[in-house]
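Visitor: Take a look at the following structure, please.
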Amino acid sequence: MAVEKEFETETMARIYADQGHYEKAAIIYRRLLMREPAREDLRDRLKAVENRLKDNRDQHLSTRLSELVDLL
């Protein structure tokens, strides 16, 4: 676990987000904000990642609902 925290940097969060690993990116941004709560840039990036997470969840739910309707 200590090794993982060594890699919890802005760069790593950005890489995760770029690769579509929004949950991992959000976790890192939250931890970075705990250390530096005044960083608005981190807050903005976290918000963007959380919006992508929400969009993905909404899209997944919509797809699943369509599949269910097709089955009926």
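Computed from the coordinates by the stated procedures, all read-outs in this text should not be read as laboratory data. For clarity, every value in this text was computed on a predicted model and none was experimentally measured.
Visitor: When the chain is fully extended, how far beyond the present Cα-Cα distance does residue 72 get from residue 47, taking 0.36 nm per residue of separation?
Guide: 5.3 nm
Visitor: Can you give the extra length, in nm with one decimal, that the chain gains between residue 35 and residue 54 once fully stretched, where that is 0.36 nm per residue apart less the Cα-Cα distance?
Guide: 4.3 nm
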